[in-house]
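Each remark here refers to the structure printed beneath this line.
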Amino acid sequence: MFHSAIKLRPKEGETYFDVMAVIDPVTREAQRLAPLLLVLTQLINMNLRIFMNCQSKLSDMPLKSFYRYVLEPEISFTSDNSFAKGPIAKFLDMPQSPLFTLNLNTPESWMVESVRTPYDLDNIYLEEVDSIVAAEYELEYLLLEGHCYDITTGQPPRGLQFTLGTSADPVIVDTIVMANLGYFQLKANPGAWLLRLRKGRSEDIYRIYSHDGTDSPPDADEVVVVLNNFKSKIIKVKVQKKADMVNEDLLSDGTNENESGFWDSFKWGFSGGQKAEEVKQDKDDIINIFSVASGHLYERFLRIMMLSVLKNTKTPVKFWFLKNYLSPTFKEFIPYMANEYNFQYELVQYKWPRWLHQQTEKQRIIWGYKILFLDVLFPLVVDKFLFVDADQIVRTDLKELRDFNLDGAPYGYTPFCDSRREMDGYRFWKSGYWASHLAGRKYHISALYVVDLKKFRKIAAGDRLRGQYQGLSQDPNSLSNLDQDLPNNMIHQVPIKSLPQEWLWCETWCDDASKKRAKTIDLCNNPMTKEPKLEAAVRIVPEWQDYDQEIKQLQTRFQKEKEIGILYKGKTKNQSQEEYQKHEEL
């Protein structure tokens, strides 16, 4: 009893609150409760008793992370009476040998990003750090979430599109309604917003019947939503088909769709320094390439992958990156690289919905983003995109893959090679569940795939994938390779077109003889040798080091231009180089 209880006495002679807490000290709940109780002791007079209710036996340490709850009892000021920089989390006396990752647990409606740090927050090795590891984060957007239903059918209006804006600028952000719970989300900032049906088939077929949780009367024509605090804002919208449109289907091939709304929304995005109206032209002659990366090592691979694409592809390229996990270093460098190599780019983001089963490991969260939100991640004007893994080298013009005939399938994947015979024992898809489920079909790899987004949305592939994920992900033994297992598991409901084998060569699974025909080389892990990826890249791909050196030289020039204050943003490649050359001559 003496060693399992903590007692803090109240101030004598004053009214006090009697607070008692019973906690298991090695749980996430205890990590969150401790700082809350510490702040309360500074705010109120209380008689605090904490009882440790520990489990008697543990086979494993239940906590594998250090946690700080950022909560301060009052606003703080500096010596000159200005606001202090803001609340901070400090981790002191940390062990030096483990490899750490810095993560934030934020309220569901917050979209937060790291904006300043030179460190790789995915791989913090304190033994190699001279001073402190510091990172600064910003609250970038607040989410407006909602659920939408058709009052006639009681079902979500699959494919319905909403826009969010102001009277002066009606379309700032936009989204599509999921069939899963009729869910939609729109990113915004504090202020008063107007929610509308998007011009085109959504507005032609439907009208807003009523709304709840908004800041205008339920039957008002204009749906006003005010974001005036940091709490979640969740609204409900009921819609109804117009009388003369009862038999119309939103997802039919309408040709009168007004696409300008989505391109107007690019004002809030990044387009490689180009204006939205400039990006719109010739959209059909652009190859859209999507990729994800987290950590400095994979961002290094990502830059090299991009360079290999640009060296081999003659058609204009636009890269799409998941912003959620990119480092400040990458986000700062990418416009400079875009200016140098004349490509477009866009940073897209989406908040994992609160109702969808959450993953806890960052790698698995990123795998989820690769497959679960493809229908809502991109603007609707994007008809097709290619996904290329960060650790891949492209050796051919990707226009051929973009134009590949998918024969009506929503996406195409490359099957795993089976020509390297010594790896037969590691081919898990050749026996057990997978052999039975696939019934002679191929098991496909997720390192490279092409998606027909029009078809993908039309057959509600995203809704089907999320529904299957929700059921399977509750079992920790399911979906061990989430981004691959899920589409392969859904092959009967969402068909996969098998791409020719030469589109993806991987040394682990493919024999040496087939390498000369490879159109892309993937640096996939080898379960037998466990060779580090950097070593594998140098050994397997002859051109990899040349690409790496070229990017390093560009980064060096970028850093020097930053130091001497050359503003490269908005300047042409030649202008930037001329200013840099003048400085070097001085």
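Throughout, read-outs are computed from the coordinates displayed, never taken from laboratory work. Predicted, not measured: the structure shown is a model, and the values here were computed from it. Note that each Cβ is placed from the backbone with ideal geometry, even for glycine, and that neighbours are counted across all protein chains shown.
General observations
- This model, with +1 at the C-beta of Lys and Arg and -1 at the C-beta of Asp and Glu, gives the range 1-90 a dipole about its Cα centre of some 340 debye.
- Whether the range 1-90 is rounded, prolate or oblate, judged on the alpha carbon gyration tensor where a/c under 1.5 counts as rounded: oblate
- For q = 0.11, 0.13 Å⁻¹, Debye-computed log10 I/I(0) when each Cα of the range 390-494 counts as one equal scatterer: -0.40, -0.57
- Taking 0.36 nm per residue of separation and subtracting the Cα-Cα distance, full extension of the segment from Ser59 to Lys85 would add 5.1 nm.
- Cβ charges +1 (Lys, Arg) and -1 (Asp, Glu), total dipole of the chain, debye: 960 debye
- Remark: the range 522-534, residue by residue, has Karplus-estimated 3J(HN,Hα) of 9, 8, 6, 5, 10, x, 7, 9, 6, 5, x, 5, 4 Hz, where x stands for each Gly or Pro and the curve is 6.51 cos²θ - 1.76 cosθ + 1.60 at θ = phi - 60°.
- Note on Arg354 and Thr117: the model spin-label points, each 7 Å out from Cα along the C-beta direction, lie 2.6 nm apart.
- Each residue in His492, His296 was given a count of other beta-carbon atoms within 10 angstrom of its own, and listing them fewest first yields His492, His296.
- Per-pair calculated FRET efficiency, R0 = 51 Å: Asp219 and Asp130 via Cβ, rounded to 0.05: 0.20
- Under 5 Å between amide hydrogens, built in the peptide plane, is the criterion, and for Val317 it picks out Ile287, Gln344 among residues at least 5 positions away or on other chains.
- Flagged links, alpha-carbon separation over 26 Å, of Lys362/Lys560; Lys199/Lys362; Lys430/Lys530: Lys362/Lys560; Lys199/Lys362
- In terms of packing, defined here as the mean over residues of other Cβ atoms within 10 angstrom, the peptides 538-545, 90-97, 365-372 line up highest first as 365-372, 538-545, 90-97.
- Antiparallel %, DSSP beta bridges [both residues in the chain], to 5: 65 percent
- Positive dipole terminus of the chain, leading residue within Met61, Thr41, Val239 (C-beta point charges): Met61
- Taking only Cα atoms of the range 284-382, radius of gyration then Dmax in Å: 14.2, 43
- Residues within the reach of a label modelled at Asn481 (point 7 angstrom out along Cα to beta-carbon, backbone nitrogen below 18 Å), restricted to the range 434-459, are 434-450.
- Relative contact order of the chain: 10 percent, from C-alpha pairs under 8 Å at least 6 residues apart in sequence.
- Considering only the range 275-548, percent of DSSP beta bridges that pair antiparallel, nearest 5: 45 percent
- Computed extension gain for Glu29 through Glu535, at 0.36 nm per residue and net of the alpha carbon distance, reaches 178.0 nm.
- Helical contribution to [θ] at 222 nm, DSSP H n ≥ 4, -39,500 (n - 2.57), averaged over the chain, rounded to 500: -7500 deg cm²/dmol
- The alpha-carbon of Lys231 sits under 18 angstrom from the alpha-carbons of these lysines, leaving out residues fewer than 8 places away in its chain: Lys187, Lys351.
- Three-way shape label, the range 139-263, alpha-carbon gyration tensor, a/c 1.5: prolate
- Computed extension length for Asn105-Leu36: 23.3 nm, one decimal, from 0.36 nm per residue of separation with the Cα-Cα distance subtracted.
- Between amide H atoms placed 1.01 Å from N, distances below 5 Å from Thr520 occur with Arg395, Leu504, Trp505, all of them 5 or more places distant or on a separate chain.
- Dipole-positive endmost among Tyr345, Leu438, Gln474 within the chain (Cβ charges, Cα centre): Leu438
- The chain shape via C-alpha gyration tensor axes, a/c threshold 1.5: rounded
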